[in-house]
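A short write-up of the structure that comes next.
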Amino acid sequence: MLKATGLTKRFGGVVAASEVSLEVHGGEILAVIGPNGAGKSTLLNLLSGLIRPDAGRIEFLGLDITRTVPEVRAWKGLGRAFQIVQPFLEMTVRENLMVGAIYGKPGTPLRTAQKVVEQVIELTGLSSKADTEAGELTLLEDKRLELARALCTRPKLLLLDEVMAGLRPAEAMEAVELVKRTRASGVTVLFIEHLMPVVRALADRVVVMDYGQVIAEGRYDEVAANAQVREAYLGRSA
Ligand SMILES: Nc1ncnc2c1ncn2[C@@H]1O[C@H](COP(=O)(O)OP(=O)(O)OP(=O)(O)O)[C@@H](O)[C@H]1O
Ligand SMILES: [Mg+2]
């Protein structure tokens, strides 16, 4: 579904992404993990188009999108949810989602947008909050809304950057169920996450980054047993 080849991004002297290559297969849930500063968010920003690579290439559904602006990537089905949630606070949950549904794909008829929004409200468990103003939501509900907003753009591939950050363990596990339902609805997922129980519960496959490079890739138990991965995590936190 998505193929990144040799992605490199420098910020001054820092090489935040160094020849990163990875593939996302249709239907899978792929986790990207790594210590702080490893380059995970940079990779996501490159994939969603917020920043441009100094070198490398990104293909999505067989099309070269390396130089494509973020909104066109979104229209093609590359969606993204953010860690910092920024809904329109004075609008209700349903109204916020209508914005996502209408602007996520230009030319969406109002009826279609309404249908999509109601489906997503159901899927994300926001039914009882649909008429609540976004400013009155709890943190977990905020996260649901952000995921719902992204889903209303009808992504084929959804990119998630630490969407569980700040949640209590029980809440994070609720969010895990939500991501599972999202995949079951036909959306491929790439997520960045620091919480290892979440990674273990969700990921079909895990890509590990360190110092801007991919250092390991495999199933959770494989990468967790990898000496280089253990070194990257344990060697530095001590
Ligand atoms: N816009 C930027 N300008 C300058 N340096 C940046 C910028 N974005 C990222 N960096 C640097 O690139 C490196 C990778 O950062 P990045 O945010 O991608 O890491 P990360 O793996 O997402 O870390 P975290 O787990 O803390 O979110 C870091 O050294 C960071 O300081
Ligand atoms: Mg980050």
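The values are calculated or read from the model by the stated rules, or taken from the named source; none is laboratory data. Predicted model, so just to flag it, every value in this text is computed and none were measured. So basically every Cβ, Gly included, is an ideal-geometry build from the backbone, and we count neighbours across all protein chains shown. In case anyone asks, the SASA skips ligands and DNA or RNA and just uses the protein heavy atoms, side chains included. Shrake-Rupley method; radii C 1.70, N 1.55, O 1.52, S 1.80 Å.
Considering the range 42-61, the residues that are closer than 13 Å to Thr8 by Cα and open to solvent by 50 Å² or more (accessible area, probe 1.4 Å) include one that is farthest from ligand 2 (Cβ to nearest atom), namely Arg57. Take the residues in the range 145-194 that are open to solvent by 10 Å² or more (accessible area, probe 1.4 Å) and of a type in the set (S, T, N, Q), then tell me which one is farthest from ligand 2 (Cβ to nearest atom). Restricting to residues being open to solvent by 10 Å² or more (accessible area, probe 1.4 Å) and of a type in the set (S, T, N, Q), the top hit is Ser185. Within the range 39-61, does at least one residue satisfy the condition of being within 22 Å of Gly212 (Cβ to Cβ) and out of contact with any strand residue (DSSP E or B) (no Cβ under 9 Å at 6 or more places or on another chain)? No, the range 39-61 contains no residue that is within 22 Å of Gly212 (Cβ to Cβ) and out of contact with any strand residue (DSSP E or B) (no Cβ under 9 Å at 6 or more places or on another chain). Scanning the range 74-121 for residues that are aliphatic (A, V, I, L, M), open to solvent by 80 Å² or more (accessible area, probe 1.4 Å) and in a loop (DSSP other than H, G, I, E, B) yields Ile84, Leu89. Of the residues making up the range 147-159, one or more are within 16 Å of ligand 1 (Cβ to nearest atom), within 17 Å of the chain's Cα centre (by Cα) and not basic (Lys, Arg). Listed conditions (1) away from ligand 2 (no atom under 13 Å from the Cβ); (2) surrounded by 22 or more Cβ atoms within 10 Å (Cβ to Cβ) are all met by Arg67, apart from (2).
Being at pLDDT 95 or above and not in a helix (DSSP H, G or I) is a property that holds for Val208.
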